[in-house]
Amino acid sequence: MKVICVTGGVLSGIGKGITGASIGAILKAAGYQIFMQKFDGYLNVDPGTMNPIEHGEVFVTDDGTETDLDIGHYERYIDTNMTKNSSWTTGRIYQEIFERERKGEYLGKTVQVISHVASLVKEKIKEGFTQSGADISIVEIGGTVGDMENEYLIESVRQLRQELGAENVVFVHLVYVPYLGASKELKTKPAQNSVRDLRSRGIDPDILVVRADMPVEEDIIRKLSLMCGLPIQCVIPSATVKSIYEVPVNYQKHVLGNTLLQALHFPQTQIDLSKWEQLVDHIQNAKEVKKIAMVGKYVSLEDAYYSLNEGLKVAGYRKDIKIQIDFVSAEEIEKQGTDMLLGYSGICVPGGFGTRGIEGMVMAAQFARENKIPYLGICLGSQIMAIEFARNVLGYPDATSEEFFPDAQHQVIHLMEHQKGIEKKGGTMRLGSYDCALTKGSLAEKVYGKLQIAERHRHRYEFNNAYRPEFEEKGFLISGTSLDGELAEVVEIKDHPYMIATQAHPELKSRPLHPHPLFVGFIEAMKGG
Ligand code: GLN
């Protein structure tokens, strides 16, 4: 078993997820299968019920686990599907401890954090590795070393190395070096202290990744190497870059992949990052700018729609276009009207919950349909597209979703019979990957280039089939359904260059090296317009 543990120091939010994922991308390019896991200190059982403004988007895996945006980084960088084994919180770990304790599995012993909880963490790391069938597991420990809530996680991985041996468990520690304006230099002391903190917990880092907002010069690397007692090639500079996709390429410029292979006692192999280099080239060469209006409820935080933003951007790069995404508040459109949408090459209505901003989103969909502006609807955005069409084409001015007005007469989006009575909020949605059949000759078929697809879902409400004949008669095509034909999964407007939406979240399957066809189609339509 081979494990790389990624810990962080000095500050949180300096990119442990991207660091771990970039290491994964490099080792994948060395020919190894990679699995990744994240352990977080907080007590929520999963991020599913957490506010996206506070916590960023909820990333859903094929198997329907609600995880956080770091799992999205993992999938995008290592181009491999993650699973329920990838995302652990203290809440989820303790839930299992309590279940075992209630079942009497601890045989009357005193159940303790150090021994029982730490053992469960080690068990989960081992299970993750074995069940994935990967060659190397990369394990990210949330927070920073010294955080009280993460102490037991640090202790768990320390024990893991003790158990499995230093040649099988390697530690990468990510630190930040701040710039001091007064003396015009990067300061290494907090980083040194953080390495000392890690050592005081019995962990000697093998690799130090040094984040800074500016280039980290050789003297800083030398100083950290000397003061932290690490060989110079084990101290990797990591300045803030324009695009996060440069990170694997930059790390490998310092032969990080080879150093890790050596530390893990793997033979040296060719590490071919040419696909990542090409992506970086596209990013640097994309000159033409196209603007997309993202009309949603959360406009204050990019992280709320992280995968979608990334998906649209990489689809743009593929076409040498730089996509500028402007967040337009749906509530502002309600107040100021659709003139706010002038000048955009495309309109996207992303996923969301609750009634806020719905009317503004419907206005945006109408504007896109009537002015033949490319429109892409994601989940809620597809429900909005149906509501708009029902109101303005089918002539039901009160058309809505049961979610917004449970008593409305024309609920073109509703809960299906078998879904009624589901009251608990956590983990009760349609989650994970579902197969979908596309209609021959539809835009969806043309874009995907095939007749059967699978996409990931995270929603409760569905298109109301009672209205289906009316919609189709007037040019609103249900171009993708569940294999039994029951659930509307993809919808499109016939007489429009690109007005398409899906009940699923295609952004969850978009990868930088394989942009999603729906997004590429959207960008192409924008180019034509
Ligand atoms: N609120 C809608 C539903 O539950 C859409 C959810 C979403 O966009 N993810 O069906």
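The values are calculated or read from the model by the stated rules, or taken from the named source; none is laboratory data. What you see is a predicted model; the values in this text were computed from it and never measured. Note that we place each Cβ from the backbone using ideal geometry, even for glycine, and neighbour counts take in every protein chain shown. SASA here: full protein model, heavy atoms, side chains in, ligands and nucleic acids out. Shrake-Rupley method; radii C 1.70, N 1.55, O 1.52, S 1.80 Å.
Things worth noting here:
- Filter result for the condition that a residue is more than 16 Å from the ligand (Cβ to nearest atom) and in contact with a Ser or Thr (Cβ under 6 Å, 6 or more places away or on another chain), over Ala466, Ala454: Ala454
- Residues of region 492-509 classified as open to solvent by less than 30 Å² (accessible area, probe 1.4 Å) and within 16 Å of the ligand (Cβ to nearest atom), total: 9
- Test: residue in region 325-335 that is within 12 Å of the ligand (Cβ to nearest atom) and either closer than 26 Å to Leu431 by Cα or of a type in the set (Lys, Arg) (or both): no
- In this entry, Thr481 passes the filter for residues that are of a type in the set (Ser, Thr, Tyr) and more than 16 Å from the ligand (Cβ to nearest atom).
Every residue, every condition in (1) surrounded by fewer than 23 Cβ atoms within 10 Å (Cβ to Cβ); (2) basic (Lys, Arg); (3) touching a helix residue (DSSP H, G or I) at 6+ places or on another chain (Cβ under 7 Å); (4) touching a residue at least 12 places away in the same chain (Cβ under 8 Å), yes or no:
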site	(1), (2), (3), (4)
Gly15	yes, no, no, yes
Asp46	yes, no, yes, yes
Asn51	yes, no, no, no
Glu101	yes, no, no, no
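- Checking every residue in region 515-529 against the condition of being in a strand (DSSP E or B) and buried (at least 18 other Cβ atoms within 10 Å of the Cβ) gives zero matches.
- Those residues of region 217-242 which are basic (Lys, Arg) and without any contact (Cβ under 8 Å) to a residue 24 or more places away in the chain, in sequence order: Arg222
- Pairs linking a residue in region 503-514 that is closer than 24 Å to Val247 by Cα to a residue that is among the acidic types (Asp, Glu) and within 15 Å of the ligand (Cβ to nearest atom), with Cβ atoms under 7 Å and 6 or more positions apart or on different chains, are Lys509/Glu455.
- Residues satisfying the stated conditions in region 304-360, i.e. among the polar types (S, T, N, Q) and free of Cβ contacts under 8 Å to residues at least 40 places away in the same chain: Asn309, Gln324, Ser329, Gln336, Thr338
- When the test is whether a residue is without any contact (Cβ under 8 Å) to a residue 12 or more places away in the chain, away from the ligand (no atom under 16 Å from the Cβ) and touching a strand residue (DSSP E or B) at 6+ places or on another chain (Cβ under 7 Å), Glu472 passes it.
- Hey, Val241 of a type in the set (Val, Ile, Thr), closer than 12 Å to Ile26 by Cβ and out of contact with any strand residue (DSSP E or B) (no Cβ under 8 Å at 6 or more places or on another chain) or not: no
- Consider region 379-414 and keep the residues that are closer than 23 Å to Ala444 by Cα and polar (S, T, N, Q). The one that is farthest from the ligand (Cβ to nearest atom) is Ser382.
- In this structure, Ser115 qualifies as hydroxyl-bearing (Ser, Thr, Tyr) and assigned to a helix (DSSP H, G or I).
- Residues in region 348-378 that are among the hydrophobic types (A, V, I, L, M, F, W, C) and away from the ligand (no atom under 16 Å from the Cβ) were compared, and the one that is farthest from Val295 (Cα to Cα) is Ile373.
- Selected residue (criterion: surrounded by the most Cβ atoms within 10 Å (Cβ to Cβ)) from residues of region 59-74 that are among the aliphatic types (A, V, I, L, M) and more than 17 Å from Tyr434 (Cβ to Cβ): Ile71
- The residues in region 152-203 that are open to solvent by 10 Å² or more (accessible area, probe 1.4 Å) and assigned to a loop (DSSP other than H, G, I, E, B) can be counted, and the count is 12.
- Pick from region 211-248, criterion among the small types (Gly, Ala, Ser) and more than 17 Å from Thr259 (Cα to Cα), ranking: most open to solvent (accessible area, probe 1.4 Å): Ala239
- The lone criterion from (1) modelled with pLDDT under 95; (2) in contact with an Asp or Glu (Cβ under 8 Å, 6 or more places away or on another chain) left unmet by Lys122 is number (1).
- Residue within region 428-440 that is among the basic types (Lys, Arg) and either within 16 Å of the ligand (Cβ to nearest atom) or within 25 Å of Glu403 (Cβ to Cβ) (or both) present: yes
- Single unsatisfied condition, Lys109 versus (1) in a loop (DSSP other than H, G, I, E, B); (2) open to solvent by less than 40 Å² (accessible area, probe 1.4 Å): (2)
- Residue list for region 16-58, restricted to those being of a type outside the set (Val, Ile, Thr), in contact with a Ser or Thr (Cβ under 8 Å, 6 or more places away or on another chain) and part of a loop (DSSP other than H, G, I, E, B): Ala30, Gly31, Gln33, Gly41, Tyr42, Leu43, Asn44, Asp46, Glu57
- Helices (runs of 4 or more DSSP H) enclosed by region 267-346 - at least 3 residues per element that are open to solvent by less than 10 Å² (accessible area, probe 1.4 Å) and either farther than 25 Å from Gly56 by Cα or in contact with a strand residue (DSSP E or B) (Cβ under 9 Å, 6 or more places away or on another chain) (or both): 306-318
- The sole residue among Glu302, Glu334, Glu359 that is in contact with a helix residue (DSSP H, G or I) (Cβ under 8 Å, 6 or more places away or on another chain), modelled with pLDDT of 95 or more and more than 19 Å from Ala501 (Cβ to Cβ) is Glu334.
- Subset of region 165-199 [within 30 Å of Leu264 (Cα to Cα) and among the acidic types (Asp, Glu)]: Glu167, Asp197
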